[in-house]
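What follows is a single structure, written as C-alpha cells, with notes after it.
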Amino acid sequence: MAHEVFIPKTGIYMDDCHLIAWLVDEGTTVRAGDALFLMETNKVEMEIEASAGGIVHQGAPVGEDYPIGRVIGWIAEDDSEYRRLVEEGTSA
Amino acid sequence: MTIPDRTLLEMFETMMTIRLFEERVTLEYQRGDMPGFVHTYIGAEAVATGVCAHLSDRDLIASTHRGHGHSLAKGCSIAGMLAELYGRETGLCKGRGGSMHIADFEIGMLGANAIVGGSIGLATGGAFAHQVKGTPNVSVSFFGDGGAGQGILYESMNLASIWKLPVIYVCENNGWAESTPASYSQSVEDLSRRADGFGIPGHVVDGADVFAVYEVAAEAIDRARRGDGPSFIEAKIPRISAHYVGDTQKYRNEDDLADARKRDPLERFRSELAAAGLLTGTAVEGTRAAIVDELDRGVAAAKADPWPTADGVTDYVYSGAYGG
Ligand SMILES: Cc1ncc(C[n+]2csc(CCOP(=O)(O)OP(=O)(O)O)c2C)c(N)n1
Ligand SMILES: [Mg+2]
C-alpha cells in the first residue's frame, strides 16, 4: 500500500504550514530519510524527509497553506502502484 | 555471566516493544492528534531493558523527559501509556500528565520528569525509604548527560554514599543535551569518573550492548541489595532519535547521525540472538505482529476514550488525606 505523505506536526505551537517546494520531481524514486519537501511554519523553514522508500506522487500544489495532518502526496511501493495513483488522478 | 535464554528472549521482546511503540508514537504525533512534546527512546532501548530486567514491582525507578522506554521496561501498560499520551481520562495519570509525566506507583514507576535531573532526588529519596523500612529493594535514577550537570546529582551521591543507600545512578550519555554537545559542556569524557569523588563505584558500559548493560546492572543492583550502597553506571548510547519529534537536527553533522545509526542496539541484539540460534526470522516477525496489533488496538481505543472534563481540573491535585 502507498505511504501517505502528510504535513507533520513538529512542535507544540504550530499553525498551518506553507508548502514551499517539493525537493524531488514527480515520479522520482526515493529512499526513507531522503529530503522530500520544504515547508515553512512559525517563520521556520523545514526539510521533511521521506518516511518510506518508493516512488513519489505529488498530490498538492506548492505555494499554498495546509493544516497539520493534510495528505499532500504518496510514496508508491512499486511501478504498478505508482501508475495506478497517477491514472486515478489522485490528488489530496 | 550466562543469562538464561528465557531472559534474553524477554529482553528482546521488551526492546522491540519500545522501538515499535516509539515509531508508532512518532507517526501519530506527526499526524497532529497528540498534544505536547514527545521525546523518543530510540537507540537507548538496551539501557532501560538491561537494568529493569533485574527489578521487581517493589523496586523503584525514576525517569526523564525521554521516559517511554523506562516505563515500558518497568511494566507500564501500552494501552494506559497511549491513552496518557493522547491526554485521555483512561491514561495512566488520567490524562493530566502526558508523555513527560507518565507514572505508575503500583509497579514502582515514580514518573517521567520534565525537569532535567528531576529523577535524581526522587530515586535517592526512594532508596532512603527502602532503607528506613528495612526492605531489600533498590531504587534507580535514570538521567542523561545533560542531567548530570544538575547540582542535585552531587549532593545526592554524597548522601547516598554516606548512608549506603540502595540507589543506582544510571547516566544515559548520548553525547547531546538538546543541541549542546557533551564535548562542549562537560569537563570530562567519562562522567562516571565523578562518582569516584564520592567513594561510589563508577562503571562505563556500551549502552548499545544489552548483555553488557545487564551484567553491570546485576553487579550494581546486587551491591545495593546487600546494603553496600550506591553505584554509578554511565551507559554510552547512540543518539539515533532527534531531541524531540520534529527536531530537524540542523546543528548535527551527518556523519554523527550515520555513526549513531550503525550502533543500533536492537539490530545488534537481534543478530546476536540469531547467531546463537535463539531467534528465527519467523519468531521476530511473530513478535513484531503481536506488538503492532497491541499498538493498533491501543491507539484506536485511546482516540475513542473520553477527555478529562473541566470540572475535574482540581481532582488528584491533593491527596485525600488533606480533604482534597
Ligand atoms: C531543569 C531543566 N532545564 C532545562 C530544560 C530543557 N531541556 C529539556 S531536555 C534538555 C536536554 C537534556 O539532555 P540530557 O539530559 O542529556 O537528555 P537527552 O535529551 O540527551 O536524553 C533540556 C536542556 C528542562 N527541561 N529542565
Ligand atoms: Mg543527552
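Here are a few things to note about the model shown:
- Where a label projected 7 Å from the Cα of B:T314 along Cα→Cβ would reach, residues of the range B:85-119 with amide N under 19 Å: B:96
- With an a/c value under 1.5 for the gyration tensor axes a ≥ b ≥ c computed over the alpha-carbon atoms, the range B:169-324 is described as rounded.
- Base-10 log of normalised Debye intensity for the range B:153-239 (one unit scatterer per alpha-carbon) at q = 0.15, 0.22, 0.23 Å⁻¹: -0.55, -1.05, -1.11
- A viscosity of 0.890 mPa s and a temperature of 25 °C, combined with the Kirkwood radius over C-alpha pairs in the Stokes-Einstein formula, give the range B:247-324 a diffusion coefficient of 136 µm²/s.
- Rounded to the nearest 20 debye, the dipole magnitude of the protein assembly as shown is 1520 debye, with +1 charges on Lys and Arg beta carbons, -1 on Asp and Glu beta carbons, and the Cα centre as origin.
- As a ratio to 2.2 N^0.38 Å, the alpha-carbon radius of gyration for the range A:3-87 is 1.05.
- Only helices enter this figure: runs of n ≥ 4 DSSP H residues, each worth -39500 (n - 2.57), summed and divided by the residues of chain A, yield -3000 deg cm²/dmol at 222 nm to the nearest 500.
- With both labels modelled 7 Å from their Cα along Cα-to-Cβ, the B:D296 to B:E89 distance reads 2.9 nm.
- Distance in nm between pseudo-label sites at B:S56 and B:W307 (7 Å out along the Cβ direction from Cα): 4.3 nm
- Entries in A:K43/B:K236; A:K9/B:K236; B:K74/B:K133 that, when Cα-Cα distance is taken, lie over 25 Å: A:K43/B:K236; A:K9/B:K236
- Nearest-20 debye value, the range A:3-87 charge dipole, Cβ charges on Lys, Arg, Asp, Glu: 160 debye
- Positive-end residue, the range B:151-301 charge dipole about Cα centroid, Cβ charges, pick of B:Y214, B:L273, B:S183: B:Y214
- Within the straight-line cut-off of under 19 Å between alpha carbons, the aspartates and glutamates reachable from B:K164 are B:D59, B:E155, B:D196, B:E219, B:D222, B:D228, sequence neighbours fewer than 8 places apart in one chain being disregarded.
- Restricting the range B:173-268 to chymotrypsin sites (Phe, Trp or Tyr not before Pro) in coil, as DSSP defines it, with at most 14 other Cβ within 10 Å: B:Y251
- Computed helical MRE - 222 nm, chain B, DSSP H runs ≥ 4 contributing -39500 (n - 2.57), nearest 500: -14000 deg cm²/dmol
- Inter-chain Cβ neighbour count for B:29-38, averaged per residue, equals 4 (cutoff 10 Å, partner chain atoms only).
- Figure legend: label point modelled 7 angstrom from the Cα of A:V44 along Cα→Cβ; residues of the range B:228-267 with amide N under 17 Å from it are B:241-253.
- q = 0.09, 0.12 Å⁻¹: log10 I(q)/I(0) that the Debye formula gives for chain B, counting C-alpha atoms only: -0.45, -0.82
- When +1 charges are put on Lys and Arg Cβ atoms and -1 charges on Asp and Glu Cβ atoms, the dipole computed for chain B relative to its Cα centre reaches about 440 debye.
- If you model the protein assembly as shown as an ellipsoid using its alpha carbon gyration tensor, with each semi-axis the square root of five times an eigenvalue, the axes come out at 39, 24, 21 Å, biggest first.
- Whole-percent pair-distance distribution, where bins are 5 Å wide, for the alpha carbons of the range B:70-162: 3, 14, 21, 21, 17, 14, 8, 3, 0
Any read-out appearing in this document is the output of simple, stated calculations on the displayed coordinates, not a laboratory observation. Please read these numbers as outputs of a predicted model, since none were measured by experiment. Positions of Cβ are generated from backbone atoms using ideal geometry, with glycine treated the same way; all protein chains shown enter the neighbour counts.
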